[in-house]
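Down below is the structure, laid out as structure tokens.
The values are calculated or read from the model by the stated rules, or taken from the named source; none is laboratory data. A quick note: this is a predicted structure, and the numbers were derived from the prediction, not measured. With ideal geometry, Cβ positions are generated from the backbone for all residues, glycine too; neighbour counts draw on all protein chains shown. Side chains included, ligands, DNA and RNA excluded: accessible areas come from the protein's heavy atoms. Shrake-Rupley method; radii C 1.70, N 1.55, O 1.52, S 1.80 Å.
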Amino acid sequence: MVVKITGAVFIVLCGAFAGLYRSKILQKQAEYIEQYISFLTQAQAMISYSYANITEILENVNSVPLMNLMIKQCRGKMKNGDDFERAWSSAVFGSYQRGEITKADHEMICRFSEGFGSLGAEEESTKIKLCLSDAQRRYDKLNAELTEKRKLYGVVGTFCGVLAAVILI
């Protein structure tokens, strides 16, 4: 009997942890978008105040640890001869494949590179403002979803665990 109860408790805990895991994924996506916003803000400042090109921006951006691998991949592809748009798209796709971002986030982040470098500083700054507003809307949506669903995922996971324990016992 003790073994059954212990097993049931473990099943319930597994369900609860599955719910918590799902909410952590959502939280990580929100953090990624938050760092993308930081990246865009830094890029806009570098363009506005020092007319930095994309290579300088990618080398000098900081405080975006979740994006570091993507930025490193982009720089590497540019050193191998790819243009910025192709290198950026490829690096963003790598983040998508690793599960760091969703398909919608992938498309939004890829828009940053479209035509970048062929525009003047003023046009690039305006383009970044548009990217920033898109990213901010996505971030606000993810935070609202996280607030709504954090408890829901925990409750549903626990409920599924209880249900599985009752069925098995």
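See the values below:
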| quantity | calculated |
| --- | --- |
| Search result, residues across the stretch 27-66 that are of a type in the set (A, V, I, L, M) and part of a helix (DSSP H, G or I) | Ala30, Ile33, Ile37, Leu40, Ala43, Ala45, Met46, Ile47, Ile54, Ile57, Leu58, Leu66 |
| Per-region count, the stretch 61-77, residues open to solvent by 50 Å² or more (accessible area, probe 1.4 Å) and in contact with a helix residue (DSSP H, G or I) (Cβ under 7 Å, 6 or more places away or on another chain) | 4 |
| Matching residues in the stretch 78-113 - criterion: being surrounded by 14 or more Cβ atoms within 10 Å (Cβ to Cβ) and acidic (Asp, Glu) | Asp82, Asp83, Glu85, Glu100, Asp105 |
| Tally of residues being at pLDDT 75 or above and among the aromatic types (Phe, Trp, Tyr) across the stretch 113-169 | 2 |
